[in-house]
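Take a look at the structure set out below.
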Amino acid sequence: MASSSSSHDDGTETTPDGSEPESAVETARRQLQGAADRLEIDPNIVERLKHPTKVHEVTVPIERDDGTVELFTGYRAQHDSVRGPYKGGLRYHPDVSRDECVGLGMWMTWKCAVMDLPFGGAKGGIAVDPKELSDGETERLTRRFAEELREVIGPTVDIPAPDMGTDPRTMAWLMDAYSMQEGETIAGVVTGKPPVIGGSEGREEAPGRSVAIVTELACEYYDRPLEGTTVAIQGYGSVGANAARLLDDWGATIVAVSDVNGAMYDPDGIDTRAVPSHDEEPEAVTDHADTVIGNEALLTLDVDVLVPAALGNVITEENADAVAADIVVEGANGPTTSAGDAILADRGVQVIPDILANAGGVTVSYFEWLQDINRRAWSLERVNEELEAEMNAAWAAVRSEFDAREVTWREAAYVVALSRVGEAHEARGLWP
Ligand code: NAD
């Protein structure tokens, strides 16, 4: 597979010449400026959006199982809240840093805006390797982190969600710790919870479902019926497997799927339900394959649609020339480096960006929040119907910018997002 240019697997890209790694915040600022250059927008607002509103840094002490006390550093970067409360994931990963949280928080602002959700962007986490913690240690870490952040989060202020290294159980602890201290059950403080305590049906499947919906819309735009369209998908986890199975159900031919060990390849089409997802049986894709190819070879298969849905920075200046797909739908966050993106654009490969394609996750998080604050639970059918409507609306908005300007799909999505955020700033004005 393409070697990642940095240890970050989500959010760090390379510079256009591919030499120095570029931090998430630098990439996010450059993309913002690119969109701003295409719009009539007050430069003071753009300058403001290059910086987070607030970054909270906290020290989180926990008692380890051996009785010693260890300190960890946690962050919550709140980028912009002009359209509503901050929203974004909390990750537990050794590389978590202030800058990474700021950059990823900016992307959440655009992702929420492109979906027209009434949220702003945030990201946070703790610099820790969760694999080195016992369940009890992870629970103590999470509860103490919730306490350290308690003053700055809340259902109308900032609503965390799972991200790398965190999951529904982490969100349950966070919600419980917050609620205990506030003296009442406040389900809407986090999303991505287990359904039994206010999580939404369909949340887990949602990013993969939005990838599948957007793939179908992109194929329709380029006059390709899904029937007969060939698709290769890197990663068979929450995003990759759900996207693969839906596209398979809707008539596409899935010719390759992969996990960290390699890819299963069958030009006649894979029975996606016969292959266990990462959740069902971790890293077992190649055990079920007659023909195995490498992850790097998967990225350059001659297919109609390529869906990188595992890691960041896999399409780079080293392999972008060899990508043979006509359409790339970004299932993972940041799978295409800036240099790779420029090459694909030059070659006329259409890239549907992550902030649109995998935004089903945050959209169903929004549905979860609505259900929590209204004390109602929606059916799975309703969640899926409303998700489809939101994806169609976002696609239509991005498509109209794509048709109206000489831009890539990524640039069109940024233009939509920045126009909405910029107009909201204009309307509210600068106080005092
Ligand atoms: P996951 O852990 O469920 O699955 C990851 C898959 O990628 C697994 O099949 C794993 O084997 C495979 N993988 C790991 N390393 C690999 C490698 N080096 N080469 C090829 N495959 C490899 O993860 P996920 O939740 O599906 O997330 C995948 C991507 O989608 C990440 O970039 C994530 O940030 C992004 N994303 C996830 C969500 C979500 O809610 N799950 C939402 C939006 C974006």
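For His79, list long-range residues whose amide hydrogen, built 1.01 Å from N in the peptide plane, is under 5 Å from its own amide hydrogen.
Here the answer is Thr53, Gly121, Ala122, Lys123, since their amide H atoms fall under 5 Å of that of His79.
Using only the alpha carbons of the range 90-146, what is the convex hull's orientation-averaged projected area in square nanometres?
Over every viewing direction, the Cα hull of the range 90-146 projects on average to 4.5 nm².
Distance between the C-alpha centers of the range 31-69 and the range 290-317? Whole Å please.
Cα centroid of the range 31-69 versus Cα centroid of the range 290-317: 31 Å apart.
In nm, give the distance between the simple-model label positions of Leu380 and Glu70, each being 7 Å from the Cα along the Cα-to-Cβ direction.
A separation of 3.8 nm, rounded to one decimal place.
Assign one of three labels to the range 49-177, namely rounded, prolate or oblate, based on the Cα gyration tensor with a ≥ b ≥ c the square roots of its eigenvalues; rounded applies when a/c is under 1.5, prolate when it is not and a/b is larger than b/c, and oblate otherwise.
prolate
State which entries of Lys50/Lys87; Lys54/Lys193; Lys50/Lys193; Lys50/Lys111 exceed 23 angstrom in Cα-Cα distance in the structure shown.
Too far apart for the 23 Å limit: Lys54/Lys193; Lys50/Lys193.
For the chain, what is the percent of antiparallel DSSP beta bridges, rounded to the nearest 5?
Taking every DSSP beta bridge with both residues in the chain, the antiparallel ones total about 50 percent.
Near Lys131, which aspartates and glutamates are there with a Cα under 16 Å away, not counting those fewer than 8 places off in the same chain?
The qualifying aspartates and glutamates are Asp65, Glu70, Asp95, Glu139, Asp163, Asp167.
Taking R0 as 45 Å, what's the FRET efficiency between Glu132 and Asp346 from their Cβ-Cβ distance, rounded to 0.05?
Values: r = 44 Å, r/R0 = 0.97.
That gives a FRET efficiency of 0.55.
Enumerate the amide H contacts of His93 below 5 Å, restricted to partners 5 or more residues apart or on another chain; note that Pro and chain-start residues carry no placed amide H.
It is Ile126, Val128, by chain and number.
Among Gly422, Trp369, Leu356, whose Cα projects farthest towards the positive end of the dipole of the range 278-432, with charges put on the beta-carbon of Lys, Arg (+1) and Asp, Glu (-1)?
Gly422
Measure out, as a whole number of angstrom, how far apart the alpha-carbon centroids of the range 392-432 and the range 334-389 sit.
If we compute the Cα centre of each part, the gap is 16 Å.
Kirkwood hydrodynamic radius, computed over distinct alpha-carbon pairs, for the chain: how many Å, to one decimal? Could you put the intermediate results ahead of the total?
Values: mean 1/r = 0.0460 Å⁻¹.
Kirkwood radius, the chain: 21.8 Å.
Work out how much length Glu280 to Asp42 would gain on full extension: take 0.36 nm times their residue separation and subtract the Cα-Cα distance, in nm to one decimal.
Numbers: separation 238, 0.36 × 238 = 85.68 nm, distance 4.96 nm.
Extending this stretch completely gives an extra 80.7 nm.
What size of dipole, in debye to the nearest 20, comes out for the chain about its Cα centre when the only charges are +1 on Lys and Arg C-beta atoms and -1 on Asp and Glu C-beta atoms? Provide the component values of the computation, followed by the final result.
On the way: 35 positive and 78 negative charges, 342 e Å.
Dipole about the Cα centre, nearest 20: 1640 debye.
Only the coordinates and a few stated rules stand behind these numbers; no lab work does. Everything numeric here is computed off the predicted structure, so don't read it as measured data. Every residue, glycine as well, gets a Cβ built from its backbone with ideal geometry; the counts of neighbours run over all protein chains shown.
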